[in-house]
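First comes the structure, then the notes that go with it.
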Amino acid sequence: MTPTPAPRRAAVIGANRIPFAKAGGAYAAASNQDMLTAALEGLVARFGLAGERLDEVAAGAVLKHPRDFNLTREVVLGSSLDPHTPAYDVQRACATGLEAIVGVANKIALHQAEVGIGGGVDSASDAPIVVSDRLRAALLRASRARSAAERVKAFAGVRPRDLAPVAPGVAEPRTGLSMGEHQALTTARWGITREDQDALALASHQRLAAAYDRGFFDDLLTPYRRLDRDQALRADTSLDKLASLTPVFGKDGSSPTMTAGNSTPLSDGASAVLLASSEWAQGRGLPVLATVVDAQSAAVDFTRGDEGLLMGGCYAVARLLDRQGLTLDDFDVVEIHEAFASTVLATMAAWADPAFCRERLGLPGALGEIDRDRLNVTGSSLAAGHPFAATGGRIVGTLAKLLAERRAETGRPARGLISICAAGGQAGAMILEAA
């Protein structure tokens, strides 16, 4: 019997995304398939993959039409990749993109694949509209009718109110609360101030604008539909402007603090990350940006109020660091998805709290603190936007390039940490390293 080869690390070779647009903005007429194809084709062009058969492409969307059945495979068939490239869909709410990348990376680690792409896409502009149960039943009866009279009869019980479409909801099914309302509870529980939230939002815009200005995204982004920068980016915003905004979440509380300025906007966009074995990259003469060290998912029980909906990252990161024997001080760069500014701040407050870490994470004391100079150094979702399934690819691509830059500047290995919260109380975490 041939011995099983030892696991190896998957390498991040490169990434590509289209600029993220505000819902109802530049991509209002673009479908998930359109946008993911654009992101994938940009990656194919950058790395000369046209006509190549890859071992795997994994991607997904959180908001999907029934027409998006087999979305990723359809995108591959519409791309310039070899049509014999297999593909499959993934879905783990806002951690979908990260989960797709983990799946491809694990196949490479286990020698089941040499090269693949992971990514995601979402359109809040082209969200599926659901009709009422009564109208849906009538439409199904009409589709089975054998005569015009039967088709007319199928709609006999439909009332005018049944014709109103049911817009896709953002509320958690088990609580009825939106993600913003859930986060408002967490914000109050951890005493996160409006000033801290606005300061984090300002830093996100300033850092993203600075990264664009120095050309950091030139090889991570393909202009699309007349956008060459993220549409939500406000390089000229200020603390005064952010402080003038009216709270939109937690308004039933005594002092609401969450505004449109310190919350991510509904967005459209797509991203894709090229992963491969180091041998495949070497054979092509392609440099490796970083390697995937490890990843971890976690979930919390938010349904009874025991834990905040978006606090899963606390748990995923703690388990990941424990398994790798690392601390927060061991990372050069930390990327925490800015679903809301207060999500990032509450997560860091929890890690710095000895009682929380002992009682909830099972640690002997606080996990530690993160130097703000190492956090989201090129901005994050508050400034870039958050097309749900596309965020993972944006963050992995950004972090891999940042680590490669650090390694080139310092001549020593650089390590980065990712934490992405997701609906349903879930989260994903990943460690990348440039050695």
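Values computed for the structure shown
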| quantity | calculated |
| --- | --- |
| Tally of residues being exposed (fewer than 13 other Cβ atoms within 10 Å of the Cβ) and under 20 Å from V130 (Cβ atoms) across region 140-154 | 2 |
| Given (1) assigned to a helix (DSSP H, G or I); (2) within 19 Å of Q426 (Cβ to Cβ); (3) out of contact with any helix residue (DSSP H, G or I) (no Cβ under 7 Å at 6 or more places or on another chain), index of the condition A389 fails | (3) |
| Matching residues in region 28-40 - criterion: being over 17 Å from R67 (Cβ atoms) and either open to solvent by less than 10 Å² (accessible area, probe 1.4 Å) or part of a loop (DSSP other than H, G, I, E, B) (or both) | A28, A39, L40 |
| Hits in region 303-330 - residues which are in contact with a helix residue (DSSP H, G or I) (Cβ under 7 Å, 6 or more places away or on another chain) and crowded, with 24+ Cβ neighbours inside 10 Å | G308, L309, L310, M311, G312, G313, C314 |
| Pair list, Cβ under 6 Å, 6 or more apart: region 208-222 residue polar (S, T, N, Q) and modelled with pLDDT of 95 or more, other residue part of a loop (DSSP other than H, G, I, E, B) and surrounded by 20 or more Cβ atoms within 10 Å (Cβ to Cβ) | T222/I18 |
| From the options E172, E181, residue that is buried (at least 17 other Cβ atoms within 10 Å of the Cβ), at pLDDT below 95, under 18 Å from L266 (Cβ atoms) and among the charged types (D, E, K, R) | E172 |
| Residues within region 210-232 that are open to solvent by less than 40 Å² (accessible area, probe 1.4 Å) and out of contact with any helix residue (DSSP H, G or I) (no Cβ under 6 Å at 6 or more places or on another chain), tallied | 8 |
| Residues that are open to solvent by less than 10 Å² (accessible area, probe 1.4 Å), within 14 Å of the chain's Cα centre (by Cα) and over 13 Å from A21 (Cα atoms), drawn from region 380-403 | S380, A389, G392, G393, I395, V396, G397, T398, L399 |
| Flag for A295 being farther than 21 Å from A95 by Cβ and either under 19 Å from the mean Cα position of the chain (by Cα) or hydrophobic (A, V, I, L, M, F, W, C) (or both) | no |
| Residue in region 79-96 that is out of contact with any strand residue (DSSP E or B) (no Cβ under 6 Å at 6 or more places or on another chain), open to solvent by 20 Å² or more (accessible area, probe 1.4 Å) and acidic (D, E) present | yes |
| Residue selected from region 233-281 under the condition acidic (D, E) and open to solvent by 70 Å² or more (accessible area, probe 1.4 Å), by the criterion nearest to the chain's Cα centre (by Cα) | D236 |
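The values are calculated or read from the model by the stated rules, or taken from the named source; none is laboratory data. Just so you know, these numbers come straight off a predicted model, no measurement behind them. Using ideal geometry, Cβ is built from the backbone for each residue, glycine included, and neighbour counts are taken over all protein chains shown. In case anyone asks, the SASA skips ligands and DNA or RNA and just uses the protein heavy atoms, side chains included. Shrake-Rupley method; radii C 1.70, N 1.55, O 1.52, S 1.80 Å.
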